[in-house]
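Remarks on the structure that follows.
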Amino acid sequence: MSFDLIKKILFKFDAEKVHDFTLNQFASNPFYLKKLFPSFKDHQYVRSSNLAWRNKVGLAAGFDKNAIALEFLDHLGFGAIEIGTVTPRAQLGNAKPRVFRHPKELSLRNYLGFPCKGADFVESNLKLYKPKACLGINIGKNKDTPLAHAHADYSNLVKKFEKYADYLVVNVSSPNTKDLRKLQDVSFMSEILDEVNKVRVLNKPIFVKISPDEELSDLESFLKLLIDKNIQGIIATNTTIREDWGRGGVSGEALKEKARLVQERLLELTYYVDNFDIICAGGISTKNDISDLEKKGASFFQVYTSFIYQGPQVLNNLDRKNS
Ligand SMILES: Cc1cc2nc3c(=O)[nH]c(=O)nc-3n(C[C@H](O)[C@H](O)[C@H](O)COP(=O)(O)O)c2cc1C
């Protein structure tokens, strides 16, 4: 059965139910599904002083929040897989419905609010997994943790997950947890990163994931802060707010333009900075999107929405050697 036909059927149902159903199939039937969806094998390794990916296209956070389907996602051939956002304690997230498709715009909108089975559950899955792709672990605070105590959530999660991760991501940019984006302010950010630095023992690379909705003029000082705090990179970007579309964060084509401005500015600012990487996420759906960003110095890319719209073929579409 072709992916187009599968998509036609799945897109008739609620987006979150389809996501949960598909992910559970990935988790429970990897053997059967591996036959249906062959691996992307055309790997061209990309490396920096912080990251070693088997190809330049990684799976962005949010797809496999609890690390239940890593074996199958690894089989598909992503250059890296980022799990999470993981919160310390289990929580349900926001009220449903909370994932919406905007097919004409090749976009999604989600108002999930970090539903997560909690750090212990995720750790139990990681203990069973032997990763081949680079593994990123994206962490966030619980909804009921006050901003003033957020640093403890992040540092506890770094302490727990550093040994499993190839890189960790401090997520302070989801629009769906009240006031989370305030953690991007200098005082909160400094406090979080200071606490995180106190518990790092293996010196795994740490990235901060940022929103596309901040002032471009603030990026330079934000970057300086991260470099001063021994952070290894930025994931740019998370989803954007489009109030005319309804609640939640928008991803895919409708995010592209905003994300590009942030990515290009960061690539420009970091061009001569050693040991600091920009992972580009946001509306990456064609080979041209990647080559345009490569011209500006980008090496690492992540996809979420184009994986939903193009299926596993997205890796061929984006990263085939000869086309
Ligand atoms: C349904 C959904 C859930 C997401 N959940 C998370 C999350 O838990 N943590 C996170 O950092 N980003 C999350 N994201 C954001 C993606 O990781 C990515 O940054 C964003 O969607 C932009 O990439 P895209 O345009 O390729 O989708 C989510 C995105 C979607 C569509």
**OP:** State all residues of segment 175-232 that are among the polar types (S, T, N, Q) and in contact (Cβ under 8 Å) with a residue 60 or more places away in the chain; if no residue qualifies, say none.
**Re:** N176, T177, Q232
**OP:** Would you mind stating whether K141 is farther than 29 Å from N55 by Cα, basic (K, R), at pLDDT 95 or above and surrounded by 22 or more Cβ atoms within 10 Å (Cβ to Cβ)?
**Re:** yes
**OP:** Keeping to segment 104-131, report how many residues are in a helix (DSSP H, G or I) and under 19 Å from the mean Cα position of the chain (by Cα).
**Re:** 5
Original post:
Which residues, taken from segment 169-188, are in contact with a Leu (Cβ under 8 Å, 6 or more places away or on another chain), within 16 Å of the ligand (Cβ to nearest atom) and among the aliphatic types (A, V, I, L, M)?
Top reply: V170, V172, L183
**OP:** Give the residue that is nearest to the ligand (Cβ to nearest atom), with candidates limited to residues of segment 132-141 that are in a strand (DSSP E or B) and aliphatic (A, V, I, L, M).
**Re:** I139
Original post:
Which one of the conditions (1) at pLDDT below 95; (2) within 14 Å of the ligand (Cβ to nearest atom) does L128 fail to meet, given that it meets all the rest?
Top reply: (2)
Original post:
If you go through segment 245-270, how many residues are near the ligand (Cβ under 10 Å from one of its atoms), charged (D, E, K, R) and in contact with a strand residue (DSSP E or B) (Cβ under 8 Å, 6 or more places away or on another chain)?
Top reply: 1
Original post:
Given segment 11-94, what helices (runs of 4 or more DSSP H) lie entirely inside it while holding 1 or more residues that are at pLDDT 95 or above and either within 14 Å of the ligand (Cβ to nearest atom) or in contact with a Leu (Cβ under 7 Å, 6 or more places away or on another chain) (or both)?
Top reply: 15-28, 70-76
Original post:
So which of A254, A281, A298 ends up being over 18 Å from G58 (Cβ atoms) and within 18 Å of the chain's Cα centre (by Cα)?
Top reply: A254
Original post:
Tally time: how many residues in segment 288-306 are surrounded by fewer than 17 Cβ atoms within 10 Å (Cβ to Cβ) and within 16 Å of the ligand (Cβ to nearest atom)?
Top reply: 2
**OP:** Say whether the condition of being more than 13 Å from the ligand (Cβ to nearest atom), over 22 Å from S251 (Cα atoms) and of a type in the set (S, T, Y) is met by at least one residue in segment 271-287.
**Re:** yes
Original post:
Can you find a residue in segment 150-157 that is over 17 Å from the mean Cα position of the chain (by Cα) and surrounded by fewer than 18 Cβ atoms within 10 Å (Cβ to Cβ)?
Top reply: yes
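The values are calculated or read from the model by the stated rules, or taken from the named source; none is laboratory data. Because the structure is a prediction, the values reported are computed rather than measured. Cβ: placed from backbone, ideal geometry, glycine included. Neighbour counts: every protein chain shown.
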